[in-house]
């Protein structure tokens, strides 16, 4: 991504470069500690499967955080995210310790707003499934 995006350099309809973020069992355990959410479905395969899940799944907020990271990485350090929201539409399944899963995020500038703000629509996928819907951010750019 770039160092800093400027409002004047952004055009409506511009596609943002896609990015991929790993979701490993280790990253999920770290997220458990950071968030305080130690639900065993996020790190224990036996229990996840016992409750009917296909395997260990990433926290929804972990997935949302990767989309937020995507926005801030693109916008740069002098920008401010003023709005951010998503709906969770599918699970990110993390099948094993070695390969994990990948969350692929892309975006498009859908509107230039007053006050040097831009609206961005985001798409997040994992294993071909769309894992976030109605994902949108508004960012104030310099």
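So which residues in the range 123-136 are surrounded by fewer than 18 Cβ atoms within 10 Å (Cβ to Cβ) and either at positive phi or touching a helix residue (DSSP H, G or I) at 6+ places or on another chain (Cβ under 7 Å) (or both), if there are any at all?
The answer is 127, 128, 134.
Residue 139 fails exactly one of the following numbered conditions: (1) in contact with a strand residue (DSSP E or B) (Cβ under 7 Å, 6 or more places away or on another chain); (2) over 30 Å from residue 25 (Cβ atoms); (3) surrounded by fewer than 19 Cβ atoms within 10 Å (Cβ to Cβ). What is the number of that condition?
Here residue 139 meets the rest and fails (3).
Taking residue 37, is it surrounded by fewer than 16 Cβ atoms within 10 Å (Cβ to Cβ), over 19 Å from residue 125 (Cα atoms), modelled with pLDDT under 95 and touching a helix residue (DSSP H, G or I) at 6+ places or on another chain (Cβ under 8 Å)? Lay out the reasoning, then the answer.
Details: surrounded by fewer than 16 Cβ atoms within 10 Å (Cβ to Cβ): yes; over 19 Å from residue 125 (Cα atoms): yes; modelled with pLDDT under 95: no; touching a helix residue (DSSP H, G or I) at 6+ places or on another chain (Cβ under 8 Å): yes.
So residue 37 does not fit the description; no.
Applying the selection to the range 67-122, what residues are under 21 Å from residue 15 (Cα atoms), touching a helix residue (DSSP H, G or I) at 6+ places or on another chain (Cβ under 8 Å) and not in a strand (DSSP E or B)?
The answer is 79, 116.
With surrounded by fewer than 14 Cβ atoms within 10 Å (Cβ to Cβ) and modelled with pLDDT under 95 as the only criterion, which of 99, 80 stands out? Break it down into steps so the answer makes sense when it comes.
On the way: 80 fails: modelled with pLDDT under 95.
It is 99.
Inspect the range 57-75 for any residue being without any contact (Cβ under 8 Å) to a residue 24 or more places away in the chain, within 19 Å of residue 136 (Cβ to Cβ), in contact with a strand residue (DSSP E or B) (Cβ under 7 Å, 6 or more places away or on another chain) and surrounded by fewer than 19 Cβ atoms within 10 Å (Cβ to Cβ) and give the result as yes or no.
Yes: the range 57-75 contains one or more residues that are without any contact (Cβ under 8 Å) to a residue 24 or more places away in the chain, within 19 Å of residue 136 (Cβ to Cβ), in contact with a strand residue (DSSP E or B) (Cβ under 7 Å, 6 or more places away or on another chain) and surrounded by fewer than 19 Cβ atoms within 10 Å (Cβ to Cβ).
The values are calculated or read from the model by the stated rules, or taken from the named source; none is laboratory data. Quantities reported herein were computed from a predicted structural model and do not represent experimental measurements. No Cβ is skipped: glycine too gets one built from the backbone with ideal geometry, and neighbour counts run over all protein chains shown.
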